[in-house]
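Step one of this worksheet: look at the structure below.
The values are calculated or read from the model by the stated rules, or taken from the named source; none is laboratory data. Predicted model only: the values in this text are computed from it and were never measured. With ideal geometry, Cβ positions are generated from the backbone for all residues, glycine too; neighbour counts draw on all protein chains shown. Side chains included, ligands, DNA and RNA excluded: accessible areas come from the protein's heavy atoms. Shrake-Rupley method; radii C 1.70, N 1.55, O 1.52, S 1.80 Å.
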Amino acid sequence: MFQAKGDITQHEIAALQTRFNLADAHTHQSQSPSQRRIVESLPELWYSAASHTQRQSEEEFIDTFYRFHGQRRALDRKDDIYLVYAASIGMHITATYLQQKKLRVGLIEPCFDNLHDLMKHMQVPMSPLNEDLFRQPEAVYRHLAEHAADLDAIFLVDPNNPTGSSVFAPTPEAFVEVVRFCVDHKKLLILDFCFAAFILASGRPRCDAYAILEDSKVSYIAMEDTGKTWPIQDAKCATLLASRDINDDMYKFVTSVLLNVSPFVLKLVTAYVRDSDMDQFASVRELLDTNREMSRKMLDTPTLSYCEPMINTSVAWFRIEDPRWSADDLQAYLLEYQIYVLSGKYFYWSQPQRGQRYIRIALARDTAVFAQAMMAIRAALNAKLKVKYG
């Protein structure tokens, strides 16, 4: 039976019990041949972690990760890159900083709801910044002047979850304009780069965002993550880097939360980053591309249409074209067939009704299982169309 939930994570927990879990964006696909060799080497990684200092394991991960992502300027401040064991911990630290400084935040919409929820729980005042404000580089500065003048901080997710929008696509001009506005008007810029690996997976290089940030002297907080990229049973590491002017304050909040990330996890994640560097992200990209194209073809129905992203990520965003369906209705109906998708209403945190026109489908699943799920959705939609509309 479908029961109302308070947030996306509650839905994702419930989805773990269904046959076709297309809710959470975690990596549930099998290992590639080279990744299986990493699994076979787990004892070696364990003893390597045991034989190195914590700092050696941290430096190895930081250097490997940021070089792989093309974010070399960040390595000029590698001692200020803080490691946390989940992106949500980095967000909790950031929200604590915002609360302590009593800052008003403009948060991009739509976005994953735990960003909003964490700040709401910390009583951080928020206003929505629709992602459409950032689509035309030449208009970004003016749009922010109109919509963010009374705010203290601007919070962007790039690429955005769930839509795949980006201020770096096709060029970083929009990002440069955001930074310019923040410098001119003394705004803090907060950046969630947790989906940024999918820029690489889509076959394009990442612009060195930290070169732009550091050269501009803007105040910023930037978060990166490994948790949505590689199938490592939720072993992961996220990073946090703040501009020099607020780094000391951020460090106090980091140390109030944790001492360190497991050195064994750091060794493991480093091995997966190196593997993707060797195969040019093929193991990640090929599966996601196959599943994405399958979802487009099989769900192209009178009910659903695929929303083309600026950056392909590990989720697909579908618009509900039939006005007689809401996202909640469709989610509940598909659950009768043991299929769990996410309603778009949670992503539109200030306008949940607008999100009732969308659902999100996770792509990081074994292709054979994903194909069965797509056939099940198609059959469910066809059955409803026959009964409901003749």
Handout entry: Complete set of residues in region 20-44 that are over 20 Å from residue 270 (Cβ atoms) and either acidic (Asp, Glu) or in a helix (DSSP H, G or I) (or both)
Key = 24
Fill in the blank from the handout: Taking first residues from region 240-266 that are without any contact (Cβ under 8 Å) to a residue 40 or more places away in the chain and second residues anywhere that are part of a loop (DSSP other than H, G, I, E, B) and hydrophobic (A, V, I, L, M, F, W, C), the pairs with Cβ under 9 Å that are 6 or more apart or on different chains are 243/218
Handout entry: Selection from region 91-127 of residues that are open to solvent by 60 Å² or more (accessible area, probe 1.4 Å) and in contact with an Asp or Glu (Cβ under 7 Å, 6 or more places away or on another chain)
Key = 104
Problem - Unique residue being surrounded by 22 or more Cβ atoms within 10 Å (Cβ to Cβ) and closer than 30 Å to residue 39 by Cα when the list is 191, 200, 240, 213 - result: 240
Problem - Selected residue (criterion: least open to solvent (accessible area, probe 1.4 Å)) from residues of region 275-308 that are out of contact with any helix residue (DSSP H, G or I) (no Cβ under 9 Å at 6 or more places or on another chain) and either touching a residue at least 40 places away in the same chain (Cβ under 8 Å) or part of a loop (DSSP other than H, G, I, E, B) (or both) - result: 292
Exercise for the section: Examine region 45-63 for a residue that is part of a helix (DSSP H, G or I) and touching a His at 6+ places or on another chain (Cβ under 9 Å), and state whether such a residue exists. Expected result: yes
Exercise for the section: Being farther than 25 Å from residue 116 by Cα and modelled with pLDDT of 95 or more narrows it down to one of 192, 150, 215, so name that one. Expected result: 215
Completion exercise
residue 183 meets each of (1) of a type in the set (A, V, I, L, M); (2) under 27 Å from residue 309 (Cα atoms); (3) open to solvent by 30 Å² or more (accessible area, probe 1.4 Å) with one exception, condition (2)
Exercise for the section: Among the numbered conditions (1) over 18 Å from residue 308 (Cα atoms); (2) among the aliphatic types (A, V, I, L, M); (3) out of contact with any strand residue (DSSP E or B) (no Cβ under 7 Å at 6 or more places or on another chain), tell me where residue 364 comes up short. Expected result: (1)
Practice task
From (1) in a helix (DSSP H, G or I); (2) in contact with a strand residue (DSSP E or B) (Cβ under 8 Å, 6 or more places away or on another chain); (3) open to solvent by 30 Å² or more (accessible area, probe 1.4 Å), pick out the condition that doesn't hold for residue 349.
Solution key: (1)
Problem - So residue 17, is it assigned to a loop (DSSP other than H, G, I, E, B), at negative phi and without any contact (Cβ under 8 Å) to a residue 12 or more places away in the chain - result: yes
Practice task
Report yes if some residue within region 338-360 is among the small types (Gly, Ala, Ser) and more than 23 Å from residue 115 (Cα to Cα); otherwise report no.
Solution key: no
Completion exercise
Checked 358, 272, 340 against criteria (open to solvent by less than 20 Å² (accessible area, probe 1.4 Å) and at pLDDT 95 or above); the one match is 272
